Each structure stands twice: as structure tokens, then as C-alpha cells.
Amino acid sequence: MAETKVAIVAGSKSDQAVVDDAVKALTELGVSHEVQFLSAHRNPEGLQRFLKGSDAEVYIAIAGLAAHLPGVIASQTVRPVIGVPVNAKLDGLDSLLSIVQMPPGVPVGCVGIDSARNAGILAAEIVAITDPSVREKIEKMRQAWR
């Protein structure tokens, strides 16, 4: 079985449509991935168990409202974490600010509100650092945009 390159973690199944955008981008670019629905607030033990057993190279964390999920994941791994703020309330600004205002030493990259497709592409770019086949697919995708 191929190792998982990217783990997409969402705090709620209500975020499925946003999750689907990240899945679509990673699938198009041929990056192995998995999806988990684990809340940092409602199931912190389950999230911790998942992270301890995960071999993912990059995490995409999708969360709305207080949006602690990306920061909690970043506090438990040294792998890159990309936060996707969800427009649940306050036009998503509450989620955006929760993700980008991380304390020193626990960084989280952040894409725009509901921009999971960009998170998927960014995660693929990180994987492409060591995977030439993914790098080629990203280059072809970018050429098609021109």
C-alpha cells in the first residue's frame, strides 16, 4: 500500500464541500491522500491518536469558527500544516484570524477562506520537492493556465 503523502483533516462533516476541493486538486496531481473528520474540541484524543499513527508528509487542516484544528495539529507534528479557514460565521474572518495568529514556534501556513483547492495545490508543491512526477504534473497544470 502506498504511503499517504497528504492528510486532510476537517473538524466537521459539515465541511465536506471544502474537503472535496482539496481532494479534487490532490487527485488531479496524483498525490496520495486520506481524509479524516476529527474535531480538536470534540475529539482531542482521537485527533492525537491519528497524528501519532500518521505517516503523512503534509497536513491540510480545514476548520471554521474558532478554527483551532490547524494549530493543534501543528503543535503535535513537525510536518507542514496548511490551514483552510471555513466561512461558517463572520464571513470566515474569525477562522482566518484564528489560523494565522499562531504563537512563535508553532507555524501554520494559511490559504484564503474556503480555498481548499489552493491548499491541495500547495500541499502537492511541498510533496513535489522530493517527487519529480508530482512536480511535472504541477508544471503541466500551470502551463495549461497560461
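The values are calculated or read from the model by the stated rules, or taken from the named source; none is laboratory data. No experiment lies behind these values; they were computed from the predicted model shown. For neighbour counting, all protein chains shown are included, and Cβ atoms are generated from backbone atoms with ideal geometry for every residue, glycine included.
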Query raised in the report: Residues of the range 87-135 being at positive phi and touching a residue at least 40 places away in the same chain (Cβ under 8 Å), which ones?
Result: ASP114
Query raised in the report: Only one of (1) surrounded by 21 or more Cβ atoms within 10 Å (Cβ to Cβ); (2) in contact with a Pro (Cβ under 9 Å, 6 or more places away or on another chain) fails for ALA56. Which number is that?
Result: (2)
Query - Lone unmet requirement of (1) in contact with a Ser or Thr (Cβ under 9 Å, 6 or more places away or on another chain); (2) closer than 19 Å to HIS33 by Cβ for ILE126 - result: (1)
Query - In the range 113-145, the residues that are in contact with a helix residue (DSSP H, G or I) (Cβ under 7 Å, 6 or more places away or on another chain), in a helix (DSSP H, G or I) and among the charged types (D, E, K, R) - result: ARG117, GLU125, ARG135
Query raised in the report: Could you say whether any residue in the range 134-144 is under 25 Å from SER75 (Cβ atoms) and aliphatic (A, V, I, L, M)?
Result: no
Query - Top-ranked residue of the range 34-54 - restricted to ones that are at pLDDT 95 or above and basic (Lys, Arg), ranked as farthest from ALA10 (Cα to Cα) - result: LYS52
Report task. Look through the range 55-66, keep the residues that are touching a helix residue (DSSP H, G or I) at 6+ places or on another chain (Cβ under 7 Å) and in contact (Cβ under 8 Å) with a residue 40 or more places away in the chain, and return whichever of them is farthest from GLY11 (Cα to Cα). Result -> GLU57
Report summary line: Over the range 80-104, the set of residues in a loop (DSSP other than H, G, I, E, B) and more than 22 Å from VAL6 (Cα to Cα) is ASN87, ALA88, LYS89, GLN101, PRO103, PRO104
Requested in this report: Answer yes or no as to whether LYS24 is in contact (Cβ under 8 Å) with a residue 60 or more places away in the chain and touching a Ser or Thr at 6+ places or on another chain (Cβ under 9 Å).
Outcome: no
Report summary line: The number of residues in the range 7-33 that are within 17 Å of LEU47 (Cα to Cα) and surrounded by fewer than 16 Cβ atoms within 10 Å (Cβ to Cβ) is 1
